[in-house]
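To keep things clear, I will list the structure first and then write my remarks on it.
The values are calculated or read from the model by the stated rules, or taken from the named source; none is laboratory data. All values derive from a computational prediction rather than experimental measurement. Note that each Cβ is placed from the backbone with ideal geometry, even for glycine, and that neighbours are counted across all protein chains shown.
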Amino acid sequence: MQKKIPQRQCMGCRERKAKKELIRVVRETDGTVSLDFSGKRNGRGAYLCPRTECLQKAQKAKSLERSLEVPIPQEVYDRLAKEMEAEVCG
């Protein structure tokens, strides 16, 4: 019997993809928001495709804020974009 592959929805493009293909954005218990490339940090998570377009769409629609239940300042979006770019390129 084949093992079930966990699916998650991208907050930008709204497509359902395998969890391993997506980047997890996590709100930790202290309220900080960061990228979780391991997918194992404690806290509430939301998922994005590893493309800056999806991050921009999620920012415009405020879907990450709704999903993580916390207002996200612009500096955090800028940091997320840099981290995402570094991870994808590196």
>> Against the conditions (1) over 11 Å from the mean Cα position of the chain (by Cα); (2) buried (at least 16 other Cβ atoms within 10 Å of the Cβ), where does A86 fall short? Just the number, please.
In response: (2)
>> So in segment 15-29, with the set limited to residues that are surrounded by 12 or more Cβ atoms within 10 Å (Cβ to Cβ) and either of a type in the set (A, V, I, L, M) or touching a residue at least 40 places away in the same chain (Cβ under 8 Å) (or both), which one is farthest from L55 (Cα to Cα)?
In response: R27
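Per-residue answers, yes or no, for (1) at positive phi; (2) surrounded by fewer than 16 Cβ atoms within 10 Å (Cβ to Cβ); (3) not in a loop (DSSP other than H, G, I, E, B):
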site: K3; (1), (2), (3): no, yes, no
site: R8; (1), (2), (3): no, no, yes
site: C13; (1), (2), (3): no, yes, no
site: G31; (1), (2), (3): yes, yes, no
site: R41; (1), (2), (3): no, yes, no
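Listed here are the residues, each with its yes/no results for (1) more than 17 Å from E15 (Cβ to Cβ); (2) touching an Asp or Glu at 6+ places or on another chain (Cβ under 8 Å); (3) in a helix (DSSP H, G or I); (4) at pLDDT 95 or above.
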residue: C54; (1), (2), (3), (4): no, no, yes, no
residue: L64; (1), (2), (3), (4): no, no, yes, no
residue: P71; (1), (2), (3), (4): yes, yes, no, no
residue: E75; (1), (2), (3), (4): yes, no, yes, no
residue: A81; (1), (2), (3), (4): yes, no, yes, no
residue: E87; (1), (2), (3), (4): yes, no, yes, no
